[in-house]
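Below you'll find the structure, written out as structure tokens, and then a few comments.
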Amino acid sequence: MEQQYDLLGVGAGIFNLSLAALLSDNKSVTSHFLDKNTDLEWYPGLMLDNAKMQTCCIKDLVSLADPTNQYSFLNYLSSKNRLFQFLNRSSFIISRKEFFDYAQWVSSRLSNISRGISVEKIYYKNGLFEVTTDKQSYYAKNLSISIGRNRFLPESAKVLEGDKVFHGLDYLFKKSKISNAKRIVIVGGGQTASEILLDIMDSFPRVEEITWISRRNNFLPLDDSPFVNDYYIPSYVDYFSSLDNDLKRVKHKEQRLTSDGISLDTLTELYEKIYENSFIRKNSNLNVILKPFRKFSEIQKAGDGYKVIYQNMETHKSVLTEADAVIFATGFENKFPSMLSEISDLLHLDDNEQPLKVGSNFEVSWEYGHLNTIYVQNMSRFSHGPWESNISLAAWRSAKIVNHLTQGNSYPMLNVNDSPFVSWRDSDRNNYRGLTNDQPSYVETMSA
């Protein structure tokens, strides 16, 4: 038999890269991670020059689990001899390119990752997982699956997908194919759509009309205010996970802009650019048409171009516009991982908005879960909260997996109450300023 691992990772993108980094020096666990790509990839079709992260750079691959870890972003800056210059920027928001360079730096230093290996099927035999690939078979007691979510395209767009109708994730790959387009439609109301619109305005001299369609009632900013950010701490994740499914659906709608809104700097830049184009640049022929509260209905081929049909959500009337190219910044959806098809009968499926039932330690519920564990990352957004698909708590989630895997306390800081200022449960006590769980807060004492 080939070498057997305590944990085999399927996928070595950002999330499993975090787990690989935390496990790299763990002497009690043998781990290895496989990825089909020969190099680390992270949305290369959206790696625009001016694109910024929406989270603080301290929320990196390791720091929220182990601030002293060698793979922290601060150590990356130090190794690149630019720590002081970085601090002089007076901002902890970095470019997407810098974060990706940091992730590549981490990946290049890890010996427990093999790239260019495509996982095909996963079997369960005699208390072990057999993972078949295009190269060889691997064996492991436990798995961590992090293969990313599937891009979402409306059905009518799937039929026409190509060089001029495509998902926003392919924008930089298809950009040259639509550079001569005069009429472009962008569908979707989030950060991706706004960044693509800005880039088109900057680099498409022949475009005459850009129409931006969004279901949202306006082009709305990311909500990263202090109390809202308490949604992105471990104690709130525990609270959210305990809610019934109907209430989770309500919370997802309420909290959508905490993860899917547009950065305020991006909105400000966009408004300024439209202003300049409308009033200052006298020779500009570009018309930017913003259409919020419109629901995309259908796209049809029309000669050399396309007809885009959408519905006004106030009047419920259908409207048609024509385009030479259509870009769908329509996000992602969760689908059952095909590589698990051979053991699908053993898995406990979720009948809600994610394919698998996932526990508090990101373990899949399945027939032999008491013997072997399947961990998943970025596959439990519905059950655990909107944070689950972004980087904010990636290190914390990885540490939770390590602690559960080792049945120990590799990261004791996870056991410390994070003392949120907001009490989500009636039984909560604010634990800051030395208060213990059985001591009432000042406000509660005064109101008793």
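The values are calculated or read from the model by the stated rules, or taken from the named source; none is laboratory data. Because the structure is predicted, anything quoted here is derived from the model rather than measured. Using ideal geometry, Cβ is built from the backbone for each residue, glycine included, and neighbour counts are taken over all protein chains shown.
Condition check for Tyr232 on (1) aromatic (Phe, Trp, Tyr); (2) more than 18 Å from the chain's Cα centre (by Cα); (3) within 30 Å of Thr406 (Cβ to Cβ): one failure, at (2). Evaluate the following for Val308: is it at pLDDT 95 or above and under 25 Å from Val326 (Cβ atoms)? Yes, satisfied. Counting only helices (runs of 4 or more DSSP H) wholly contained in the range 156-245, the ones carrying 2 or more residues that are polar (S, T, N, Q) and buried (at least 21 other Cβ atoms within 10 Å of the Cβ) occupy 191-203. Of everything in the range 130-147 that is of a type in the set (S, T, N, Q) and under 28 Å from the mean Cα position of the chain (by Cα), the residue that is surrounded by the most Cβ atoms within 10 Å (Cβ to Cβ) is Ser144.
Taking each residue of the range 151-164 that is in the same structural domain as Ile299 (by TED's automatic domain parsing) and looking for partners that are basic (Lys, Arg) and part of a helix (DSSP H, G or I) with beta-carbon atoms closer than 8 Å, six or more apart or interchain, yields Asp163/Lys174; Asp163/Lys177; Lys164/Lys174; Lys164/Lys177. What residue, among those in the range 280-289 that are in contact (Cβ under 8 Å) with a residue 24 or more places away in the chain and either surrounded by 16 or more Cβ atoms within 10 Å (Cβ to Cβ) or in a loop (DSSP other than H, G, I, E, B) (or both), is farthest from the chain's Cα centre (by Cα)? The qualifying residue farthest from the chain's Cα centre (by Cα) is Asn285. I need the full set of residues from the range 310-321 which are surrounded by fewer than 15 Cβ atoms within 10 Å (Cβ to Cβ) and either outside the structural domain of Asp170 (by TED's automatic domain parsing) or part of a strand (DSSP E or B) (or both), in order please. Asn312, Ser318, Val319, Leu320 - these are the residues of the range 310-321 that are surrounded by fewer than 15 Cβ atoms within 10 Å (Cβ to Cβ) and either outside the structural domain of Asp170 (by TED's automatic domain parsing) or part of a strand (DSSP E or B) (or both). Kindly evaluate Gly331 against the criterion of being more than 18 Å from Ala140 (Cα to Cα), surrounded by 15 or more Cβ atoms within 10 Å (Cβ to Cβ) and either among the basic types (Lys, Arg) or modelled with pLDDT of 95 or more (or both). In short, yes. The number of residues in the range 338-357 being closer than 26 Å to Gly188 by Cα and either acidic (Asp, Glu) or outside the structural domain of Glu120 (by TED's automatic domain parsing) (or both) comes to 1. For Gly408, the conditions (1) crowded, with 18+ Cβ neighbours inside 10 Å; (2) not in a helix (DSSP H, G or I) are fulfilled apart from (1).
Listed conditions (1) polar (S, T, N, Q); (2) over 27 Å from the mean Cα position of the chain (by Cα); (3) at pLDDT below 95; (4) not in a helix (DSSP H, G or I) are all met by Asn277, apart from (4).
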